[in-house]
1. So for Val7, Val242, fewest C-beta neighbours within 10 Å to most, what's the order?
2. From the cross-link list Lys148/Lys308; Lys154/Lys186; Lys148/Lys309, which pairs have alpha carbons spaced over 27 Å apart?
3. Tell me the mean residue ellipticity at 222 nm calculated for the chain from its helices only (DSSP H runs of n ≥ 4, each -39500 (n - 2.57), averaged over every residue, nearest 500).
4. Placing +1 on the Cβ of each Lys and Arg and -1 on the Cβ of each Asp and Glu in segment 111-186, which of Trp125, Ile171, Thr149 has its Cα farthest towards the positive end of the resulting dipole?
5. Report the relative contact order of the chain, percent, no decimals, based on alpha-carbon pairs under 8 angstrom and at least 6 residues apart.
6. Where does each of Phe240, Phe280, Phe61 land when they are ranked from fewest to most other beta-carbon atoms within 10 angstrom?
7. Enter the mean projected area of the convex hull around the alpha-carbon atoms of segment 2-112, in nm², rounded to one decimal.
8. When all alpha-carbon pairs of the chain are counted, what percent fall beyond 35 Å?
Amino acid sequence: MESQQTVIEILENAIQRHSSDIYFLPHRDGYLINFNVDGLDIHYQKLKPTIALECINYLKFQAHMNISEHRRPQLGAWRYLTKQRAVDCRLSSVGDFQGRESLVIRLIYTIAQLTNQRYFIPEQWQIIKTACRRRGLVIFSGPTGSGKTTSMYKLAEQFGDQQILSIEDPIEIFHPDILQLQVNEKAGMTYRDLIKVALRHHPNILIIGEIRDQETVKIAIQAALSGHLVLSTVHAANCFGVVSRLCNLGTSLTDLEQTLQLVNYQRLIPTTGHETKVLFDQTDLKNIQLKTLLEQRGMTLEWEHNLKKIYHRQEITHQDYERYLYG
């Protein structure tokens, strides 16, 4: 069956590149198949409409989705099995105003299937590990695909002998040694409800996929105040924006001063050696008043300094130096 073989080839190529997402996108006289690799969209191939639609139908069938519905949004799940690996796939489909269906596949890897994150400045990772020993709240920020979740799970692995619990919407990395809870609002499993249940388990480390509302930040602060290590992400354009965002969600500066250990903004940047490495912009609270952070904008001077350093070491191109200069 041509469509099945085409799907397998696409999946195998995407998995080999550790792509986080596969896109089937209608485009003029065909369908574009794109991968998201380390936050960058990569064009893989173009398929004829008939072949692409057969592939979409095959994938929807495997994910127990309605193959006769091409307009309304649908969600599905499928575990793709080969002799070498098992990768969980989450599927999302929807039709445009012309009835042309698009499909996105999110690939869920185990932590063992992910390559080790590499760092332009290894000392930055040591700063994060040191902050985690003090307990409290450690925040990661950065655009989609910048490796925030991988950072949190890699960090949690450093404390593997302790009880670790994660709450995500949805689960992005499968880890067999971590109790992972997935948000399902239709089933009454909201972030708020799951965090309350999680704290009754008394985890040493709590991973919260995203601090997104007043209730979540309130409980995260309470957990940090009670001696837990809380790792989470916040949508913000830089480290200073994280502090502003938390305050806008109703957190007091007093609570942040007592709990917030470190803020990390990170980007995955391609190197001249054809790999990617993480560069962090970091702000801890040593000798810094939070009120001062609220007045800051943009990236820190340290970010510009480090970016220049790796550029002069010829680890990144001039084009990428300019692209990431402002975060």
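1. Going from least to most buried by this count: Val7, Val242.
2. Lys154/Lys186
3. Calculated mean residue ellipticity at 222 nm is -10000 deg cm²/dmol.
4. Trp125
5. 14
6. Phe61, Phe240, Phe280
7. 6.9
8. 28
Here, each number is a calculation from the coordinates, and none is a lab measurement. Everything numeric in this text was worked out from a predicted model, so none of it was measured. A quick note on method: Cβ atoms are made from the backbone with ideal geometry, for glycine too, and the neighbour counts reach across all protein chains shown.
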